1. Could you work out the Kirkwood radius for the chain, taking every pair of different alpha carbons, averaging 1/r and inverting it, reported in Å?
2. Using Cβ contacts closer than 10 Å as the measure, can you line up Met109, Met260, Met49 from fewest to most?
3. Rg/Rh for the range 1-71: what does it come to with C-alpha atoms and Rh from Kirkwood?
4. What's the angle, to the nearest 10 degrees (0 to 90), between helix 159-175's Cα axis and the longest principal axis of the chain?
5. Which trypsin sites (Lys or Arg not before Pro) from the range 164-273 combine a DSSP loop assignment with at most 11 other Cβ atoms within 10 Å?
6. Pro122: net charge of surrounding residues, Cβ under 13 Å, Lys/Arg +1, Asp/Glu -1, itself excluded?
7. Work from the charge dipole of the chain (Cβ charges, +1 for Lys and Arg, -1 for Asp and Glu, about the Cα centre) and give the residue of Ala254, Ala55, Tyr137 farthest towards its positive end.
8. Report the Cα centroid-to-centroid distance between the range 101-168 and the range 13-86 in angstrom, as an integer.
Amino acid sequence: MSLATDTARLAGRDLENDVQAFHLVRYAASVDGFLATAKNSGTHWLRFMASHAIAHHLGLPSPERSSGPDSDAFIGHPKHRPVHGKAPRIGSSHNIPSRLITVAAEAGMLDLPPTVVLVRDPREALASYYVKWAQTYELGTFPEFLRRPAPGRKKIDDVWWFVRFFNRWGALAAALPGRVLVLRHEDLRADPGEGVRRLWAHWGVQLEDADVAGALAVSSKAAVAARLDPGYGEAIVPPEASRAAVLWTDEDRAFLSALMRGHLRHDFGYSQH
C-alpha cells in the first residue's frame, strides 16, 4: 500500500479512538499516577520491580506474583480498589489516549496525574508479540505479520497499533512535558535501578538505596518467570528458543524502517536505528 492509502485508512481508526479513549480522564481522580506501556515492552517486569521498591520503602508486603491479580497491589487497573491505604495507587494500562485530551492539555484545561510511559524499539516489541500470539491469532509468517495493511485488526497489536501508541503519547508528552515522563525499555534494561528511581520520583516518591536494591533483587528475567501466576494464562516470559527463531531479513528491516519514517511523528529516537 502507498503512504497516502495507509494514512487514509488510519484516519478512521484514529477518529474512533478520539471519541472513545478517555481512560485518563475517567480515572484521574482514582489514582496518584498513571503507567502507560506499549505492548510487549516489559510491563510486568517494570511493575514487579517498582512494586517491590515501594513496598520496601513503605514497609509493606511485596507482591508474591509478577502477573495475575496478586501482582497489582500497588500498580494495576485503576478500577480496582486499593490494597494498601497508605501507598500511592498507580493505574496501569496500554491505553492510547484520545487526541482531544492532548488538545485540552495544550489549552490548559486539563491537569492529569503524573504519568510514566514505557516504550520499546518496535522491532523488538513486534517480534516479542509475534512469538506470544502467532498461533492464537493465526498471524501467519513473521513477514506477513509485519506487512499487515492499515489500520490493523482490532485485538491484534501489529505495527499500526505501535504507530498510534507512539504518536498519541508523543503528542501528549510534548503538551505536558512536566507531567509525562517517557522511559525507554533499552535505557531501563541498561540501568534498571536508575529507571525505577526516576519512575517513583516522577510519582512524588524519593526512593532510598535499600528500596532500589529491593527492585534489583527481582529485576532478572528468571526472577519474573519464577513468580508468574500459573493461573494467569498468558506467556509473559516466552522461551528464549522461540524468540530466537524469529529472524529479520534485510527486506523486513527496510520495510519497517520506511513505514516508521513515513508514519511516526513521535518516534522516541527509534526511526534512526
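Values quoted throughout were computed directly from the atomic coordinates according to the rules given, and no laboratory measurement underlies them. Keep in mind the model is a prediction, meaning the values are calculated, not measured. All Cβ positions, even for glycine, are placed from backbone atoms using ideal geometry, and neighbour counts span all protein chains on display.
1. Numbers: mean 1/r = 0.0515 Å⁻¹.
Taking every pair of different Cα atoms in the chain, averaging 1/r and inverting gives 19.4 Å.
2. Values: Met109 9, Met260 20, Met49 27.
Result, fewest neighbours first: Met109, Met260, Met49.
3. On the way: Rg = 18.2 Å, Rh = 15.6 Å.
Expressed as Rg/Rh, it is 1.17.
4. Helix 159-175 and the main axis of the chain meet at about 60 degrees.
5. Here the sparse-neighbourhood loop sites are Arg265.
6. Numbers: positive: Lys39, Arg120, Arg123, Arg164, Arg184, Arg253, Arg261; negative: Asp121, Glu124, Asp157, Asp158, Glu186, Asp252, Asp267.
After counting each charged neighbour, the total is 0.
7. Of the options given, the answer is Tyr137.
8. Cα centroid to Cα centroid, the span is 18 Å.
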